[in-house]
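A.B. asks: What follows is a single structure, and I will ask about it in a moment.
The values are calculated or read from the model by the stated rules, or taken from the named source; none is laboratory data. Just so it is clear, the model here is predicted, and its values are computed rather than measured. Cβ placement follows ideal geometry from the backbone for every residue including glycine, while neighbour counts extend to all protein chains displayed.
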Amino acid sequence: MTKRQKQPRRTNDRQAMILNLLREFPNNKFSLKHLASASGGNTREGRRETADILQRLLEEGAVEECARFKYRLSGQMRPRLTGIAQMTSGGSVYVKVEGQEQEIFIHQRNAANALDGDKVEVVVMHVSKNGTQEGEIVSIVERSRRNYVGTAVADSHSIFVRVDSRRIAVDIYLPRKLYPDVHDGDKLVVRIEDWPEGSRSPVGELIDNLGPSGENDTEMHAILAEYDLPYRFEKEVEEAAATIPGRLTEKDYAERRDFRPVTTFTIDPADAKDFDDALSVRKLREGVWEIGVHIADVTHYVTPRSVVDCEAEERGTSVYLVDRTVPMLPERLCNELCSLRPHEEKCCFSAVFTMNENLEILEEWFGRTVVYSDHRFTYEEAQQVIESGQGPYAEEMLTLHRLAQGMRAARFKHGAVAFDREEMKFRLDEKGKPIGVYFKVQKEANQLVEEFMLLANRRVAEYCAHRIQNGRKVPRTMVFRVHDAPNEEKLDRFRTFILRFGRIFRASKGRAVAKEINKLLKAVKGTPEENAVSTMAVRSMSKAYYTTDNIGHYGLAFPCYTHFTSPIRRYPDMMVHRLLARYLDGGKSADRKAYEALCEHASEREIVAAEAERASIKYKAVEFMSDKIGQEFPGHISGLTEWGIYVELEETHIEGMIFLRDMSGDFYQFDEGRYEICGHRTGRRFTLGDPLVIRVKHTDLRKRTLDFELVDKREKRR
C-alpha cells in the first residue's frame with residue numbers, strides 16, 4: 001500500500017481525534033496549534049493538515065470560530081437539552097431543564113424568538129468559573145399556549161398589542177382585516193400563533209376584547225386573564241347549577257341530626273355574601289358546653305365529576321380582588337343554596353364538641369346536620385357584644401369568646417407563631433376608583449371565629465388520618481394542610497439580618513424557633529424596624545400547601561391539620577368533606593395517588609389566586625397615587641435590590657421604588673452581604689427600616705409600578 005493511499009486514513013484518524021477533544025471539552029476554546037498537537041501533528045505538515053481539517057469542519061458546521069483563530073464545537077454538535085423558557089423584561093431568557101438545578105442563561109441574540117413558557121431545545125455554549133451556564137436555543141419544540149394581556153396600539157392598517165407583562169419584551173401583531181372592531185386603547189387578551197423568521201413581532205390571535213383600558217371592570221378582568229383565571233362561568237355550568245334542587249326533603253331531615261332548636265348564628269365581614277360557617281352554643285350543665293361548628297354541606301349539592309364539580313376542581317379556590325370576589329361556585333350555590341343565611345334551614349356538615357371550662361373535649365361528634373341560623377352578626381357587631389357584654393345572644397357570645405381566648409393562649413403556649421400583619425383595604429367610589437386606604441384590624445371577634453374553625457379543622461384531620469384496627473392506628477388517605485419547619489439556611493440569613501438592629505435570635509430548631517420569633521415580634525412592636533423584621537421573619541418561614549403526606553403544621557403547632565371549614569370557596573375542603581363522609585360510613589381508605597394529584601393542583605391554584613389578588617392591590621395602590629405626582633410623604637425602607645430601594649409609606653403602607661440610577665450626588669451600589677445600599681464617595685448607607693422622605697415621581701398603571709425619588713434621609717427614631 002502506498003503513502004498516497006494511507007493519507008486519507010491518517011486524516012480521518014486526526015479528524016476523529018480533534019472532534020473527540022472538542023466533544024470532551026465543549027466549552028473550551030482551542031487554537032490550531034493546540035489541536036494539531038493534541039492530534040499528534042505538531043509539525044509544519046501536521047499543522048497544515050489540521051488547518052485543512054478545521055476548514056472542512058467549519059464548512060460542515062461541526063466547528064465554529066469563536067474568536068480570532070480560536071475554535072470550539074458548534075451548537076449543532078453539542079448535546080441538546082429540553083427545557084422551559086422563562087423570559088425577562090430585557091429580552092434575555094433563562095431555560096429551566098428538568099432535573100437540573102441551575103438554569104441556563106440565553107442572551108437575547110441567541111434566543112431564537114423563544115417566548116416565556118415555550119418548550120425549547122438548548123445547547124450549553126459556555127460555563128463560567130462559578131458554574132454559570134450560558135447557551136443558545138436551537139429550536140422551539142412547542143409554543144406556549146398561554147394568553148397575554150395588553151393594550152391595543154391601533155390604526156386603520158394595523159394592530160400591535162403592547163403586553164402588560166414584563167416577561168415579554170416585544171409587541172404582538174394582529175392582522176387588522178381579521179379584527180376590524182378593535183379600537184386604539186382597548187385592553188385585549190391574545191395568544192401567539194407564530195413568529196415568522198426575520199419578523200420583528202410575533203403574530204397573535206385575539207381571544208377576548210375586555211373593553212377600553214382604564215375602566216375598572218376592564219382592568220380587573222385583565223388581571224384575571226393575565227393569571228389565566230376565569231372571570232365568568234360558562235353557560236353550561238350556570239345551567240347545571242340552576243337545575244340543582246334546593247328544597248330539603250323528608251329523607252334529608254331523617255338522615256341528619258337536627259340542630260334547628262339550638263341557638264346558632266354566623267359572624268362574617270359586613271360585605272360578605274356567602275356564609276359558609278355558623279356556631280351553635282348549648283349549655284349542658286354547669287361548666288360544660290356543647291359547641292357546634294356547622295359548615296355548609298356543599299357536597300350534598302355538588303356530586304363528584306358533575307359539570308359544577310369539575311369547574312370547581314379546575315378553579316380550586318375563589319379569588320378575592322380588591323373590588324370583587326370571583327367565586328369557585330356559581331352564585332346559585334355560593335350565595336343561595338349553600339349559604340347559611342339567617343332564618344333559613346340549611347344542610348350542614350358539622351363538628352360538635354362537648355367542652356368544659358378547662359378546654360377539655362369530653363366528647364366529639366362529626367356528621368351531617370340541619371341548622372337554622374337565628375342571627376347574622378358582622379364582626380363589628382360581635383365585637384360590640386364582646387366589649388359591652390350586651391346585645392343579641394350576649395351570654396352565648398361571651399361563652400364562645402371566653403373559650404376561644406383560652407384555646408388561643410394554649411396554642412401560643414405550645415409554640416404557634418403569632419404573625420399579626422395589617423391587611424390593606426381600599427375605599428372605592430361607585431366607579432371602583434380608590435378614594436382612601438384603611439387597615440383591617442383583627443380583634444377578639446375575629447379570633448373567636450378563627451379558634452373554633454382551627455379546632456374543627458384539627459379534630460377532623462385527626463379523625464380521618466387513621467382508623468383503629470385491633471387497637472392499632474392504621475393510616476388512611478387524607479387531605480392535609482401542612483407547613484414545614486423553617487429552613488436552616490433562611491434562619492441563618494434572618495439571624496444575621498436582625499443583628500443590624502441589635503436583635504439577637506438564638507434558637508435554631510424545633511418549637512424554640514417559633515417561641516423566639518414570637519418573642520422578637522413582640523419586642524419590635526411599634527419600633528421603626530417592626531415592618532422590616534416581621535417581613536423577613538415571614539420570608540424565613542416555609543409555605544403551607546395541600547398534600548396526603550402529613551408532616552404537621554409548624555406555624556399552628558398542630559401535628560395534624562386540614563381545611564374543612566370553607567367548602568364554598570376552597571376545593572380541598574370539599575375533598576375533605578367527601579373523605580370524612582366516606583370514613584364515617586365505614587368506607588375503605590381512598591385512592592391516595594388520585595387525591596395527591598388533586599392536592600398539587602389545589603396548591604398551584606392557591607398560589608396563582610394569591611398572585612392575582614396582590615396584583616389587584618398593586619393596581620389600586622398605583623391608581624390611588626396617580627393624582628399625587630410631586631407630593632412628598634414620609635416612609636421607611638422595606639426592601640433593597642441591585643437596582644433600587646423599596647420604600648413603604650407610613651400612613652398608607654403603599655410601596656414604591658427609588659431607582660439607584662436616579663439618586664444624584666454619588667454612585668450607589670447594593671452590598672448583598674451587608675444588605676445595604678452604599679455610596680462610594682460619601683459612604684452614605686441605606687438599610688431596611690431606615691426612615692426617608694420621598695416624592696412621588698411617576699405612576700404606570702399598565703405595569704402597576706410606582707416610582708419615588710429621594711427627598712431626605714431622616715434619622716432613625718428610637
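A.B. asks: Give all pairs with beta carbons closer than 9 Å in which a residue from segment 300-324 that is assigned by TED's automatic domain parsing to the domain that holds ALA241 and closer than 18 Å to VAL576 by Cβ meets a residue that is charged (D, E, K, R) and in a strand (DSSP E or B); count only pairs at least 6 apart in sequence or on separate chains.
C.D. replies: Final answer for the pair search is HIS300/ARG368; GLY316/ARG570; THR317/ARG570; SER318/ARG570.
A.B. asks: To continue, here is another question. Kindly indicate the residue of segment 240-267 that is more than 19 Å from ARG402 (Cα to Cα) and touching a helix residue (DSSP H, G or I) at 6+ places or on another chain (Cβ under 7 Å) and also modelled with the lowest pLDDT among those meeting that condition.
C.D. replies: GLY246
Yes/no per residue for (1) farther than 30 Å from ARG578 by Cβ; (2) exposed (fewer than 15 other Cβ atoms within 10 Å of the Cβ):
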{"position": "GLU357", "(1), (2)": "yes, yes"}
{"position": "ARG368", "(1), (2)": "no, no"}
{"position": "TYR372", "(1), (2)": "no, no"}
{"position": "HIS375", "(1), (2)": "yes, no"}
{"position": "GLU387", "(1), (2)": "yes, yes"}
{"position": "MET424", "(1), (2)": "yes, no"}
{"position": "LYS431", "(1), (2)": "yes, yes"}
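A.B. asks: May I pose another question? Would you point out which residue out of TYR561, TYR545, TYR554 is over 26 Å from VAL319 (Cβ atoms), of a type in the set (Phe, Trp, Tyr) and in contact with a strand residue (DSSP E or B) (Cβ under 7 Å, 6 or more places away or on another chain)?
C.D. replies: Just one listed residue meets the conditions, TYR554.
A.B. asks: Another question, if that's okay. For segment 36-46, how many residues meet the condition of being modelled with pLDDT under 75 and not in a loop (DSSP other than H, G, I, E, B)?
C.D. replies: So the answer is 4.
A.B. asks: Of the conditions (1) among the aromatic types (Phe, Trp, Tyr); (2) on the phi < 0 side of the Ramachandran plot; (3) out of contact with any Gly (no Cβ under 8 Å at 6 or more places or on another chain), TYR675 satisfies every one except a single condition; which number is it?
C.D. replies: So TYR675 meets the others, but not (2).
A.B. asks: For segment 514-530, state whether one or more residues are within 25 Å of CYS310 (Cα to Cα), hydrophobic (A, V, I, L, M, F, W, C) and not assigned by TED's automatic domain parsing to the domain that holds VAL352.
C.D. replies: Taking every residue of segment 514-530 in turn, none turns out to be within 25 Å of CYS310 (Cα to Cα), hydrophobic (A, V, I, L, M, F, W, C) and not assigned by TED's automatic domain parsing to the domain that holds VAL352.
A.B. asks: For segment 636-664, what are the residues that are in a loop (DSSP other than H, G, I, E, B), touching a strand residue (DSSP E or B) at 6+ places or on another chain (Cβ under 8 Å) and surrounded by fewer than 18 Cβ atoms within 10 Å (Cβ to Cβ)?
C.D. replies: The answer is THR641, GLU642, TRP643, GLU650, GLU651, HIS653.
A.B. asks: Answer yes or no as to whether GLU450 is of a type in the set (D, E, K, R), within 23 Å of SER350 (Cβ to Cβ) and within 24 Å of the chain's Cα centre (by Cα).
C.D. replies: Yes: the conditions hold for GLU450.
A.B. asks: Evaluate the following for ASN531: is it touching a strand residue (DSSP E or B) at 6+ places or on another chain (Cβ under 9 Å), outside any strand (DSSP E or B) and modelled with pLDDT under 95?
C.D. replies: yes
A.B. asks: Is it true that some residue in segment 363-373 is farther than 19 Å from MET453 by Cβ and part of a loop (DSSP other than H, G, I, E, B)?
C.D. replies: Taking every residue of segment 363-373 in turn, none turns out to be farther than 19 Å from MET453 by Cβ and part of a loop (DSSP other than H, G, I, E, B).
A.B. asks: Which fully enclosed helices (runs of 4 or more DSSP H) of segment 208-287 have 2 or more residues being loosely packed, with under 15 Cβ neighbours inside 10 Å?
C.D. replies: The helices (runs of 4 or more DSSP H) meeting that bar are 235-242, 250-255.
A.B. asks: When segment 433-471 is examined, which residues are found to be within 22 Å of MET397 (Cα to Cα) and touching a helix residue (DSSP H, G or I) at 6+ places or on another chain (Cβ under 7 Å)?
C.D. replies: LYS443, GLU444, ALA445, ASN446, GLN447, LEU448, GLU451, PHE452, LEU455
A.B. asks: Can you work out which of the residues in segment 504-520 that are surrounded by 17 or more Cβ atoms within 10 Å (Cβ to Cβ) and modelled with pLDDT of 80 or more is nearest to LYS413 (Cα to Cα)?
C.D. replies: LYS515
A.B. asks: Among the residues of segment 121-128, are any outside the structural domain of ILE192 (by TED's automatic domain parsing) and assigned to a loop (DSSP other than H, G, I, E, B)?
C.D. replies: Checked against the condition, which is being outside the structural domain of ILE192 (by TED's automatic domain parsing) and assigned to a loop (DSSP other than H, G, I, E, B), segment 121-128 yields at least one hit.
A.B. asks: If we keep just the residues of segment 678-709 that are farther than 30 Å from PHE426 by Cα and touching a Gly at 6+ places or on another chain (Cβ under 9 Å), which is surrounded by the most Cβ atoms within 10 Å (Cβ to Cβ)?
C.D. replies: PHE686
A.B. asks: Still on this model: Just need a number here: residues in segment 602-618 that are buried (at least 16 other Cβ atoms within 10 Å of the Cβ) and either of a type in the set (Lys, Arg) or more than 13 Å from the chain's Cα centre (by Cα) (or both).
C.D. replies: 4
Residue by residue, here is whether (1) in contact with a His (Cβ under 7 Å, 6 or more places away or on another chain); (2) crowded, with 16+ Cβ neighbours inside 10 Å; (3) within 30 Å of GLY510 (Cα to Cα) holds:
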residue	(1), (2), (3)
GLN383	no, yes, no
MET407	no, yes, yes
ALA410	no, no, yes
ALA418	no, no, yes
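A.B. asks: Can GLY83 be described as modelled with pLDDT of 70 or more, closer than 21 Å to SER144 by Cβ, part of a loop (DSSP other than H, G, I, E, B) and not assigned by TED's automatic domain parsing to the domain that holds ARG191?
C.D. replies: no
A.B. asks: Give the residue, chosen from VAL293, VAL322, that is among the β-branched types (Val, Ile, Thr) and assigned to a loop (DSSP other than H, G, I, E, B).
C.D. replies: VAL322
A.B. asks: Between a residue in segment 487-498 that is surrounded by fewer than 17 Cβ atoms within 10 Å (Cβ to Cβ) and any residue that is of a type in the set (A, V, I, L, M, F, W, C), which pairs come within a Cβ distance under 9 Å, given they are 6 or more apart or on different chains?
C.D. replies: ASN487/MET541; LYS490/MET541; ARG493/MET536
A.B. asks: How many of the residues making up segment 571-592 are of a type in the set (Gly, Ala, Ser) and either closer than 10 Å to THR299 by Cβ or assigned to a helix (DSSP H, G or I) (or both)?
C.D. replies: 1
A.B. asks: Here is a follow-up. Among what's in segment 166-199 and is assigned to a loop (DSSP other than H, G, I, E, B) and of a type in the set (Lys, Arg), pick the residue that is surrounded by the most Cβ atoms within 10 Å (Cβ to Cβ).
C.D. replies: ARG167
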